[in-house]
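What follows is calculated from the coordinates using simple rules that are stated; it is not laboratory data. Computed from a predicted structure; not experimentally measured. Cβ coordinates were reconstructed from backbone atoms using ideal geometry, including for glycine residues, and neighbour counts include every protein chain displayed.
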């Protein structure tokens, strides 16, 4: 996938300086390689790209992994089903409307990740393809 160099530069700058963000009373950390890996192990469709009928789990697992203390998450990853159970407990404690409040943050995180792993196409965003 190619990305416009200016857009990529702006996204990389946002990713570098965004830091933690508070949404609906939760402080959310930026995506890391470790949380990306865990989301993949959980089958999170934001990471795997595989369509899922459980959008709520995808949203709340993303938020859970980025809002809980890392030490707590690391204690639970040995048994992925235990981590899933923790996420469902988290979902039970949050109002449904939170799901929609978190989507813009998740989208921004995914754009930041895409910018870091996608090379700018030569001449992307210019009228002259040789530029």
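If one puts a single equal scatterer on every Cα of region 17-71 and applies the Debye formula without solvent, what log₁₀ I(q)/I(0) results at q = 0.13, 0.15 Å⁻¹?
These q points yield log10 I(q)/I(0) values of -0.32, -0.42.
Kindly give the semi-axes, whole Å and largest first, of the ellipsoid equivalent to region 40-100, taking each as the square root of 5 times a Cα gyration tensor eigenvalue.
Rounded to whole Å, the semi-axes are 18, 15, 10.
Rounded, prolate or oblate for region 5-117? Axes are the square roots of the Cα gyration tensor eigenvalues, ordered a ≥ b ≥ c, and the cut-off for rounded is a/c under 1.5.
Working: a/c = 1.60, a/b = 1.50, b/c = 1.06.
Prolate, since a/c reaches 1.5 and a/b exceeds b/c.
Testing the spin-label approximation: label points 7 Å from Cα along Cα→Cβ at residue 56 and residue 82. State their distance in nm.
2.6 nm
Which order do the peptides 110-116, 75-81 take when ranked by the mean count of other beta-carbon atoms within 10 Å per residue, highest first?
110-116, 75-81
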